[in-house]
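**Student:** First the structure, then my questions, so here it is.
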Amino acid sequence: MKEKKKQNNTRAQSLSTMGIAPNELSPNEMILRQEELFLKADRLKLERKKLNAELMAEPVPATGSDKGQMNNIDEWAEWITRNPELAEKYYPKLMQGLAERKIEPFMMALLIQKLPDHFPKWKTEAVQYFGIKRAKMIQGYIDLIKRVLGIEYPSEIEQQAVESVRDELAEQLEYWENELNALTPKQGETDTAKETPTFENNFDHIAPNEIHKHFKAGLVDKGYLTEQELYEYLKAAFELKTTPQTLFKLKHTPTKQKIYNVFYEYYKDVSEKKHGTRTRYADLLGNYFKGYETSIIQTNWAKEYKTKR
């Protein structure tokens, strides 16, 4: 008796979600409506399971290992920005679905609305690289955002989704295009324009143009770094204050002492060294360039200081 009462309560609750008052129906009608609700729920689960299988399955025969399978939409969205050519080759149905809007509207809407959330992670990852690798990553982000904003969406669900994040994506697109332009200066720029610093100094009080002038003379003009590498170094060390995953490499240096002197002179003469800051300034070399250690740099600077007193 208690079990039957419990079943009736469950059915009543389910019917109320459909806007139907249980006392308006006979017992038989209640049972029929409840069974109809359960059947619809089962169909919805099957449809979603089928759709997820199409989206997430690897396009290769099963090997008994699930290491190569994507677990969620976020991973796929990130992977496609890094590997657009491979995505076209190995996931043609998905890419065609994006281009021709054959993916279910709710799934497309979910992809669109999640896209701006990737920005902090992408930004953190991008600053860990430099040169060609960084440019390729940024170009991938730009292409994906342009594709999302450029599609004409046939359903209200998709259109509402893109309009809800349009301003965020446009702002992020502008950021990435500025970053890419800074990495790849356009043809025809004057030498003066190329030398204009495009970074902020969050490290100390020195003006960016003075920082650029010092390190360009000591590193670029001597052939140890390219202008592009110098820009990336100044951006990482003075603006972002983040050590890149791959350290910068100085080329054709006759001795390490030459490099020690460049950074010591910045510490001593340009920044007008202050008590207790030697380690921070030694890190500008030791934390960013391959083959240099902060402790050894500081020891060298101490000897240099005693010699010049």
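Quick note: the coordinates plus some simple rules give every number you see, no bench work behind them. Nothing here was measured: the structure is a model prediction, and the numbers come from that model. Methodologically, a virtual Cβ is constructed for each residue, glycine included, from the backbone with ideal geometry; neighbour enumeration extends over all protein chains shown.
**Student:** What FRET efficiency would be calculated for the residue pair ASP117, LYS273, taking the C-beta separation as r and a Förster radius of 45 Å, to the nearest 0.05? Walk me through the numbers on the way to the answer.
**Tutor:** On the way: r = 43 Å, r/R0 = 0.97.
My answer for the efficiency is 0.55.
**Student:** Still on this structure: GluC sites (Glu not before Pro) within region 202-309: which are DSSP loop residues with at most 11 other Cβ atoms inside 10 Å?
**Tutor:** Working: sites: GLU210, GLU227, GLU229, GLU232, GLU239, GLU265, GLU272, GLU293, GLU304; in loops: GLU272, GLU293.
Here the sparse-neighbourhood loop sites are GLU272.
**Student:** Ranked by Cβ crowding within 10 angstrom, fewest neighbours first, how are LEU285, LEU110, LEU86 ordered?
**Tutor:** Result, fewest neighbours first: LEU86, LEU110, LEU285.
**Student:** Let me ask another. At a Förster distance of 45 Å, what's the computed FRET efficiency of THR226 paired with ALA170, Cβ-Cβ distance as r, to 0.05? The partial results should precede the final answer.
**Tutor:** Working: r = 33 Å, r/R0 = 0.73.
E(calc), rounded to 0.05, equals 0.85.
**Student:** Let me ask another. Which of LYS274/LYS303; LYS121/LYS274; LYS133/LYS268; LYS146/LYS235; LYS216/LYS241; LYS123/LYS216 have a Cα-Cα distance over 29 Å?
**Tutor:** LYS121/LYS274; LYS133/LYS268
**Student:** Could you please report the charge total around SER271, scoring K, R as +1 and D, E as -1 over all other residues with beta-carbon less than 12 angstrom from its beta-carbon?
**Tutor:** Taking every other residue near SER271 into account, the sum is 0.
**Student:** I'd like the GluC sites (Glu not before Pro) in region 130-175 restricted to DSSP loop residues with at most 11 other Cβ atoms within 10 Å, sorted by number. Can you show the working numbers first?
**Tutor:** On the way: sites: GLU152, GLU156, GLU158, GLU163, GLU168, GLU171, GLU174; in loops: GLU152.
Sites meeting the loop and neighbour criteria: GLU152.
**Student:** Per 0.36 nm of contour for each residue apart, how much would the distance between ILE206 and GLU88 grow if the chain were fully extended, relative to their Cα-Cα spacing?
**Tutor:** Computed gain between ILE206 and GLU88 is 37.7 nm.
**Student:** Residue by residue, what Karplus-based ³J(HN,Hα) values in Hz, rounded to whole numbers, does region 120-128 have, using 6.51, -1.76 and 1.60 with θ = phi - 60° and x for Gly and Pro?
**Tutor:** x, 5, 4, 5, 4, 5, 5, 6, 7
**Student:** Quick one: pull the percentage of alpha-carbon pairs in region 209-309 with a separation above 17 Å.
**Tutor:** Numbers: 2461 of 5050 pairs.
Above the 17 Å cut-off, region 209-309 has 49 percent of its Cα pairs.
**Student:** How about region 246-305: which trypsin sites (Lys or Arg not before Pro) there are in a DSSP loop, with at most 16 other Cβ atoms within 10 Å of their Cβ? Can you show the working numbers first?
**Tutor:** Numbers: sites: LYS249, LYS251, LYS256, LYS258, LYS268, LYS273, LYS274, ARG278, ARG280, LYS290, LYS303; in loops: LYS249, LYS251, LYS273, LYS274, LYS290.
Those that pass, being in a loop and sparsely packed, are LYS249, LYS251, LYS273, LYS274, LYS290.
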